[in-house]
Structures are given as structure tokens and as C-alpha cells.
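Derivation of every value follows stated rules applied to the coordinates shown; laboratory data play no part. What you see is a predicted model; the values in this text were computed from it and never measured. With ideal geometry, Cβ positions are generated from the backbone for all residues, glycine too; neighbour counts draw on all protein chains shown.
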């Protein structure tokens with residue numbers, strides 16, 4: 001682990017210096033996202049190795065919401081991953097990336113009839129969220145033309161086993177909006193009847209994990225789903241549920257470069273707690289997102305001004321709520337590490353000074369770090385926001401009409417050379433204006 005951690009830091013350092021040297025960040029583009037291709041490849045390999053079991057078919061899908069960037073999805077597809085999508089837009093991105101239908105899973109608590117019709121027609125696996133949606137699927141299947149692909153269909157269940165440390169990210173609470181709440185009166189009986197009435201329904205889905213959820217709680221949720229599948233199959237007298245979709249949500253360590261707890265630790269816990277999951281009777285589907293990319297991404301931003309207020313040093317940068325939305329609004333749940341860099345992108349030294357690292361948004365709370373001890377930042381320096389490869393530069397918050405920044409993938413070589421490839425170009429002012437209705441006819445008074 002230490003060697004891998006050192007390599008991560010070395011690659012990142014090369015990339016930060018090269019990005020500044022080549023002008024990827026500067027006056028006209030003062031904030032960019034950087035993605036470590038080598039790191040992504042290694043994280044993906046670690047995931048596949050952790051769950052690899054003779055005789056068990058495992059499909060790893062990537063949660064598109066964690067990095068809604070077509071080149072990233074295409075890279076993951078080349079590495080053997082599929083896509084977990086939760087909207088028509090995410091499905092369009094997965095298809096544009098070339099992800100085959102048999103490696104796509106549609107999850108959402110609010111699927112429209114049009115979404116379901118498209119997914120079923122394409123042969124994409126669908127996890128129904130509730131009884132009304134399942135009835136809608138029944139009608140769509142009945143109306144489908146003869147010879148239509150038999151898309152896999154499953155049901156999402158909520159084991160209601162409790163919350164992690166971040167309530168908003170906990171999906172298995174008593175009142176979660178996701179899935180069929182198994183402990184509600186009559187729910188278990190309804191689920192058993194639903195499968196008995198639909199011999200073609202061959203999957204079962206649960207998703208307990210996310211940031212702040214301990215591995216033990218995640219494993220408990222999977223165990224509940226496994227035991228329910230066993231009960232469904234016993235009632236059917238055959239292997240009706242063939243695939244268990246155990247979701248994703250592995251928590252990420254935002255305190256250091258150590259990639260903990262890691263996929264191997266989770267898979268080993270599942271083997272100990274739910275051994276039947278790996279005995280070859282069930283195929284498995286996973287839906288990891290943040291844990292695959294967080295450590296492999298960095299937001300790099302220029303320090304525009306350095307000032308002080310009330311004795312507190314403040315570095316005003318171009319990375320704020322527009323890229324680090326959760327960190328700004330819920331800092332106690334989403335803290336991130338900040339590196340202080342000099343004008344050439346090199347890590348600064350010197351005595352630490354307590355300071356705030358502020359963003360460009362026009363509200364007082366736009367801070368990515370509060371009271372942080374860092375070498376004193378000055379105008380023209382840079383900051384690097386670490387562990388930001390998932391969500392931070394792919395889920396933009398358009399406050400103050402700040403443009404979406406460019407994202408670059410990089411490969412850092414042992415000799416320090418760095419190759420960059422574009423993942424997303426920076427949004428232009430013209431595109432911002434067009435997105436905000438700039439090309440539409442003017443409104444007339446009284447209309």
C-alpha cells in the first residue's frame with residue numbers, strides 16, 4: 001500500500017507541474033480537472049481482482065453519476081466495466097461511450113414510461129423501484145413486439161438496516177425513498193408474490209453503501225438481499241433469481257493517499273458474512289463509482305488574491321462551490337485535502353499558517369478549507385484539491401454562471417514526462433449564453 005501511495009503522489013506531482021508549465025491552468029482557464037489514467041487502470045484492476053471467484057460471473061458497472069464524462073466511461077468500458085445509469089442523460093452518455101447494452105443497468109426511483117420502454121427495447125437490465133413501476137413494466141412487456149429482447153428485470157429492495165454517518169447518503173434507512181421497504185407491514189409478502197407471479201423476473205437488487213457507511217452495514221444489507229433471494233428461489237422450486245445486484249458505495253478515505261478500506265477488504269468481508277454469494281449459484285453485479293475515481297483525480301486552481309480579515313489569512317482561488325459543492329455546503333461530511341503550490345505548480349514549503357481557502361462564488365461560505373494550516377499562499381500561487389476524481393469536476397454547480405472547467409487525463413512516466421489528453425473542453429462564454437436562452441426571441445412586455 002505504501003509503495004502504491006508513494007507512486008500516486010509522485011504521478012500527481014509530475015502532472016501538477018506539467019499542467020502549469022504547459023498553460024493548462026492560467027488566467028483564461030484558472031481551474032481545471034486532472035485525471036490519472038494509470039491510477040484508474042489500477043483501481044479497476046483491484047476491483048476485478050477483489051471479486052474474482054472461479055465459477056462466479058461478475059459484472060462490474062460504473063455509477064455514471066460519479067463521472068459523467070464520455071471519454072472516462074469509454075476508458076472504463078475498455079477495461080471491462082459496464083455502466084449503472086439513473087437518467088436518460090446518463091444512458092445517452094453510456095451509449096455514446098460504446099458501453100454494450102448487456103453491461104448497462106438502469107436504476108432510478110422516478111423512471112418514466114419512455115425510459116423504461118427504451119431500456120427494455122435495448123435489452124438493458126432494469127431494477128424496478130416500486131410496485132407501480134413493476135406494473136408499468138408488465139404493461140410494456142405485454143405491448144412489446146414479438147421477438148423483442150428479453151431484458152433482465154429485477155426489483156430493488158430496501159433492507160431498512162440503518163444509516164451511516166451522512167444521513168443524506170444513507171439509502172437503507174426506515175424511510176429511504178429507494179426500493180421496496182422490506183420491513184414495512186406486508187412488504188415481504190408482496191415481494192414474494194411479485195416474483196411468484198413473474199417467473200421471468202430473475203434479478204434482485206439492493207444498495208446499502210455510500211460515503212459514511214461502514215463495511216459491516218454494507219455487508220448486512222447484501223446478506224438481507226441474499227437471504228431474500230434464497231427464499232424466492234425456494235418458493236419457486238428453481239433458481240428464479242439468478243443475479244444479485246449488490247450496488248456500490250464503498251466509502252473513500254479523504255484523509256490521506258491511502259486507498260482504504262479498499263475493494264479487497266469489502267469482498268473478503270462479503271465472503272465471510274455471505275459465503276453463498278460466491279458459491280457459483282448467483283451472478284453478481286456491482287455499481288461502484290466514487291471509490292474507483294476519487295483518488296485518481298485532482299482539481300487544480302490558481303490563487304487570484306491573498307488577503308486577511310480579522311487576523312485570518314484568506315487565499316481567494318478559482319475552485320469553490322461550482323466544483324466542490326458538497327465540500328462547501330457540508331464541510332464536516334465532505335472535507336478534502338488541499339495542497340499549497342507555488343506559481344510553477346510545485347508543492348510549497350515553509351511554516352504553516354492558519355488560513356481559509358476560498359472559492360470565486362459570491363457568497364461568504366464559499367470555502368473549500370476553513371482554518372487550515374498550510375504554507376502561506378500568495379497571489380499567483382496554485383492550490384490542488386485532492387481526491388476529487390469523482391463528482392467534483394463532473395457534477396458542476398452553475399452558481400454565478402461560472403463555466404464548467406476543462407478536464408484533462410494524464411499519464412505520468414517514470415522519467416517525469418507527462419502526456420495529457422482532453423476529456424472535456426472548458427465551457428465558453430458563448431455556450432453559457434446559449435444555455436441560458438441567449439439565442440431565443442426576446443420576451444415582450446405583457447406576454
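Before moving on, here are some points about what is shown:
- Acute angle (nearest 10 degrees) that the helix 263-273 long axis makes with the longest principal axis of the chain, alpha-carbon atoms: 30 degrees
- Prolate/oblate/rounded call for region 313-447, Cα gyration tensor, a/c under 1.5 rounded: oblate
- Relative to its residue count, region 11-79 spans a Cα convex hull of 105 Å³ per residue.
- DSSP beta bridge pairing in the chain, given as percent antiparallel to the nearest 5: 45 percent
- Per-pair calculated FRET efficiency, R0 = 45 Å: residue 113 and residue 363 via Cβ, rounded to 0.05: 0.65
- Calculated diffusion of the chain, Stokes-Einstein form, Kirkwood radius summed over Cα pairs, 20 °C and 1.002 mPa s, µm²/s: 92 µm²/s
- With respect to the chain, whose longest principal axis is taken over its alpha-carbon atoms, helix 37-51 is tilted by about 30°.
- Once the convex hull of all Cα atoms in region 354-402 is built, its volume per residue stands at 106 Å³.
- Label point distance in nm, residue 190-residue 376, each placed 7 Å from Cα along Cα→Cβ: 6.4 nm
- Take every pair of alpha-carbon atoms less than 8 Å apart whose residues are at least six positions apart; their mean separation over the length of the chain yields a relative contact order of 19 percent.
- Highest-first arrangement of 314-320, 430-436, where packing means the average Cβ count within 10 Å: 314-320, 430-436
- When each of the peptides 15-22, 47-54 is scored by the mean number of other C-beta atoms lying within 10 Å of its residues, the order from highest to lowest reads 15-22, 47-54.
- Rg to Rh quotient for region 1-141, alpha carbon positions, Kirkwood Rh: 1.09
- For residue 238 and residue 419, the difference between the fully extended length at 0.36 nm per residue and the C-alpha to C-alpha distance is 59.8 nm.
- Note on residue 395/residue 443: beta-carbon distance plugged into 1/(1 + (r/R0)^6) with R0 of 25 Å gives a FRET efficiency of 0.25.
- From its DSSP helices (H runs of at least four residues, each -39,500 (n - 2.57)), the chain gives a residue-normalised ellipticity at 222 nm of -9500 deg cm²/dmol.
- Descending semi-axes in whole angstrom, ellipsoid equivalent of region 234-352, from the Cα gyration tensor: 45, 15, 12
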